[in-house]
Amino acid sequence: MATQMAIDHPTPKLDVETYLTTALSATPAELHPFFEAFQDLYKRKLWHQLTLKLFEFFDHPLSKPYRVDVYTQFVRDFETKLNQLRLVEMGVKVAKEIDNPSQLLEFFTSLLSRLPIDKAPDAHVLLLATLAHAKLLYGDLDGTKKDMDEAWKILDELASVDNKVRAAYYKVAADYYKAKAEYVPYYRNSLLYLACIELSEIDPEERVLRAHDLSIAALLGDAIYNFGELLMHPILDALDGTPHEWIKKLLFNFNEGNIGKFEGLAPLFPREPILHENFPFLRQKICLMALIESVFKRNAYDRTMTFQTIAEETRLPIDEVEHLVMKALRYTCCLPQNLTTDTDANSCCSLKLIKGSLDQVDEKAQITWVQPRVLSPEQIGQLAQRLQKWGDRLHNVEERIAPEVLTTA
């Protein structure tokens, strides 16, 4: 049975009986039970049971040469009777056997035109995401973005949707931003994709690639200063025992703001050219992470830091501390003398990692707020110790004032 055929052109009523009879003589004996079941279930109009049997057939390794024909010569006849989301899932599975790019796009476009968007918006999103991914593989970035945007408009309005539909959208969105080398949206969409699936659904090779790409995006993303969600995700375990394992260690060093360990891994950077090329940016980023971690470890009443203290924590010359703090500060940073416009100020204050103010005369920074972030188990332990100390102080105060309260009463 040929698979190179005109795909999904408008066709007259299909002769299902003739097709199934022919298929019985043209396919291996191992597949005959499937076609016999197709004949029986089709005659009895048991569409749900027929759907299950079709998926079983498409998963059979010997069915590969016949999948497209079964879909176009058989399923097309009763596709309106099926659950539309399952129909699209079936189409996506079958389309893997279509190698010709134009035929593949025609297959998806034709199926999309037949889907009732008002009755099956989730199926529409899944197919749009799949079509967008096909266009991405063929280098049509504009077409990919158009289909992504259309899919998101529908998805954003759905109150409830199957995780596989969300996963399809977030996966193509992540891959699109990877192709564009836009680290921040890649990072966010990739994590959302992983939140919608089980890791067991991803091939081991793809897990390593996803973990590697997420790590690179986290390190080079100019607005990513909270790695907690990634560090706690089991996807990173895929890097263990691989040549990229050192990048996992680097992520943990960044999260700790540990400049010493960062410098210890610096000789390995040439292994990853893109990190080696961006070393100055990474050096500045680890300094910012060190500043954030230093503030986080301090009690709320002990967050006025001298420039000298910050210089020691970040291993920067003292004359570079002011610029570093201003880059991290949110809204309330003060303009140094060489900045005279709002644009200059915004470029220094854009990260919004901390709130506070600078005293340039006394060379001090008063920090009042640190950007919320996901904490590691070690950081949670540190926070628990601080809460314990706070509770002990509160108890001591209670013991001191209790007699006075009783006397007054």
Given the conditions (1) at pLDDT 90 or above; (2) more than 27 Å from residue 220 (Cα to Cα); (3) hydroxyl-bearing (Ser, Thr, Tyr), report the number of the one that residue 314 does not fulfil. (2)
Could you tell me which of the residues 130, 144 is under 22 Å from residue 63 (Cβ atoms) and open to solvent by less than 30 Å² (accessible area, probe 1.4 Å)? 130
Residues of the stretch 12-49 satisfying the condition of being over 18 Å from residue 79 (Cα atoms) and of a type in the set (Lys, Arg): none
Does residue 315 meet the test of being out of contact with any Asp or Glu (no Cβ under 9 Å at 6 or more places or on another chain) and more than 25 Å from residue 384 (Cα to Cα)? no
Within the stretch 1-40, considering residues that are surrounded by 11 or more Cβ atoms within 10 Å (Cβ to Cβ) and charged (D, E, K, R), the one modelled with the lowest pLDDT: 8
Name the pairs whose Cβ atoms lie under 6 Å apart, with the first residue in the stretch 364-379 and of a type in the set (A, V, I, L, M), the second open to solvent by 50 Å² or more (accessible area, probe 1.4 Å), and 6 or more positions between them or separate chains? 374/229
Within the stretch 193-235, how many residues turn out to be polar (S, T, N, Q), open to solvent by 20 Å² or more (accessible area, probe 1.4 Å) and either at pLDDT 95 or above or farther than 22 Å from residue 162 by Cβ (or both)? 1
Is there a residue in the stretch 78-87 that is outside any loop (DSSP other than H, G, I, E, B), buried (at least 16 other Cβ atoms within 10 Å of the Cβ) and free of Cβ contacts under 8 Å to residues at least 24 places away in the same chain? no
Looking at residue 290, is it closer than 26 Å to residue 388 by Cα and surrounded by 21 or more Cβ atoms within 10 Å (Cβ to Cβ)? yes
Selection count, the stretch 294-309, where residues are modelled with pLDDT under 90, of a type outside the set (Ser, Thr, Tyr) and open to solvent by 10 Å² or more (accessible area, probe 1.4 Å): 7
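Every residue, every condition in (1) in a helix (DSSP H, G or I); (2) open to solvent by 10 Å² or more (accessible area, probe 1.4 Å), yes or no:
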position: 107; (1), (2): yes, no
position: 160; (1), (2): no, yes
position: 167; (1), (2): yes, no
position: 171; (1), (2): yes, yes
Quick check on my filter: what residues within the stretch 176-191 are closer than 21 Å to residue 135 by Cβ, open to solvent by 30 Å² or more (accessible area, probe 1.4 Å) and in a helix (DSSP H, G or I)? 177, 178, 179, 185
Does any residue in the stretch 48-65 that is within 17 Å of residue 24 (Cα to Cα) come within less than 7 Å, Cβ to Cβ, of a residue that is at pLDDT 95 or above and open to solvent by 80 Å² or more (accessible area, probe 1.4 Å) six or more places away or on a different chain, and which pairs are these? 62/30
In the stretch 268-285, how many are polar (S, T, N, Q) and within 23 Å of the chain's Cα centre (by Cα)? 1
Could we say that residue 238 is of a type in the set (Gly, Ala, Ser) and either part of a helix (DSSP H, G or I) or modelled with pLDDT of 95 or more (or both) here? yes
Could you count how many residues in the stretch 259-287 are outside any helix (DSSP H, G or I) and buried (at least 18 other Cβ atoms within 10 Å of the Cβ)? 1
Just checking, how many residues over the stretch 216-244 are over 21 Å from residue 371 (Cα atoms) and among the polar types (S, T, N, Q)? 1
Residue pairs qualifying under the 6 Å Cβ cut-off, at least six apart or on distinct chains, with the first in the stretch 152-174 being over 17 Å from residue 132 (Cβ atoms) and without any contact (Cβ under 8 Å) to a residue 60 or more places away in the chain and the second being open to solvent by less than 80 Å² (accessible area, probe 1.4 Å) and outside any helix (DSSP H, G or I), are 163/196
Qualifying residues in the stretch 362-377 (those that are of a type outside the set (A, V, I, L, M) and modelled with pLDDT of 85 or more) - the one farthest from the chain's Cα centre (by Cα): 362
What are the residues in the stretch 317-344 that are at pLDDT below 75, open to solvent by 40 Å² or more (accessible area, probe 1.4 Å) and of a type outside the set (Val, Ile, Thr), if any? 330, 331, 334, 335, 337, 338, 342, 344
Go through the stretch 124-149 and report how many residues are charged (D, E, K, R), in a helix (DSSP H, G or I) and more than 19 Å from the chain's Cα centre (by Cα). 3
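The values are calculated or read from the model by the stated rules, or taken from the named source; none is laboratory data. Fair warning: this is a prediction, and the values are worked out from it, not measured in the lab. Positions of Cβ are generated from backbone atoms using ideal geometry, with glycine treated the same way; all protein chains shown enter the neighbour counts. Side chains are part of the model used for accessible areas, which takes the heavy atoms of the whole protein and leaves out ligands, DNA and RNA. Shrake-Rupley method; radii C 1.70, N 1.55, O 1.52, S 1.80 Å.
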